[in-house]
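The values are calculated or read from the model by the stated rules, or taken from the named source; none is laboratory data. Just so you know, these numbers come straight off a predicted model, no measurement behind them. Here Cβ is always computed from backbone atoms with ideal geometry, including for glycine, and neighbour counts include all displayed protein chains. Surface areas here come from the heavy atoms of the whole protein model, side chains and all, with no ligands, DNA or RNA. Shrake-Rupley method; radii C 1.70, N 1.55, O 1.52, S 1.80 Å.
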Amino acid sequence: DPTPPICYAGRCLPYGRGVTYWPLAEVLKRHLASSDNDAEALVRAKLGEREILAVTLGLEPPAGLHPLAVQERLHSGWVDFLESIAAERSVILVVEDLHWAEEPLLELIERMRRDVAGPVLLVPTARPELLDRRAQWGAGGRNTTQLWIEPLSANDATEMLEQLLGTELPPHLHRVVLERAEGNPFYLEELLATLIDRGLLERDSSADVAIPD
């Protein structure tokens, strides 16, 4: 049987210190079977000749390197790293919430898309406003496909609610939840969790309820 692909995933954070390469830090820690509690010496030992990748984890680069040289070596190091993995098995790399990414990460994602040779599927997810910063990404291109995720229809949202809850919502709450969620599955989950936390699903009442925006 063919070897299944190895799947990595990381998520950009909206704020915080040292989060520039956060999603790739998550990928690297998984690959190294490392944790935040590992000593720096152990992490560097695991990286071996790829020590420059330690910068991804917020560690200091090799001494004497100019900051621009650090970024160049780090980005080329990630290209080589992915190629080395892809030489043994296919790679799926998911980077979520790329609309929160800082410029160095966007530049690295673009370089991966352009330069990595081998069976690598790069799947960034983002809100449409990312195209305000990277308009060319919306134009597609070689080996590139853009997929727009549309809101759930009312029928699909209803089906999702029933699967999450295991039963039907009371008509009043059903209408309000669908209106507030606007077809966003994450909002559906959060609104349903709010109703459960407040015990509103246990009430046989059509009184007005305070549903968060």
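Listed values, structure above:
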quantity	calculated
Residue check, L121 among the aliphatic types (A, V, I, L, M) and either over 14 Å from the mean Cα position of the chain (by Cα) or at pLDDT 95 or above (or both)	yes
Residue within region 59-72 that is in contact with a Leu (Cβ under 6 Å, 6 or more places away or on another chain) and either over 21 Å from S35 (Cβ atoms) or polar (S, T, N, Q) (or both) present	no
Helices (runs of 4 or more DSSP H) (entirely within region 1-94) containing at least 1 residues that are closer than 18 Å to D115 by Cα	22-32, 67-86
Check on D115, crowded, with 16+ Cβ neighbours inside 10 Å and among the acidic types (D, E)	no
Output for region 129-169, where each listed residue is assigned to a helix (DSSP H, G or I), open to solvent by 100 Å² or more (accessible area, probe 1.4 Å) and under 19 Å from D97 (Cβ atoms)	D132
W22 over 17 Å from the mean Cα position of the chain (by Cα) and at pLDDT 95 or above	no
Out of R89, R44, R30, R73, sole residue that is under 20 Å from the mean Cα position of the chain (by Cα) and either surrounded by 12 or more Cβ atoms within 10 Å (Cβ to Cβ) or free of Cβ contacts under 8 Å to residues at least 12 places away in the same chain (or both)	R30
Count - residues of region 132-157 that are closer than 10 Å to G183 by Cβ, in contact with a helix residue (DSSP H, G or I) (Cβ under 7 Å, 6 or more places away or on another chain) and of a type in the set (G, A, S)	2
Subset tally (residues that are of a type outside the set (S, T, Y) and in contact (Cβ under 8 Å) with a residue 60 or more places away in the chain) for region 1-21	11
Set L105, L68: member being of a type outside the set (D, E, K, R) and free of Cβ contacts under 8 Å to residues at least 40 places away in the same chain	L68
Breaking point among (1) on the phi > 0 side of the Ramachandran plot; (2) open to solvent by 60 Å² or more (accessible area, probe 1.4 Å); (3) within 17 Å of the chain's Cα centre (by Cα), for D97	(2)
Failed condition for L121, given (1) in contact with a Leu (Cβ under 8 Å, 6 or more places away or on another chain); (2) surrounded by 15 or more Cβ atoms within 10 Å (Cβ to Cβ)	(2)
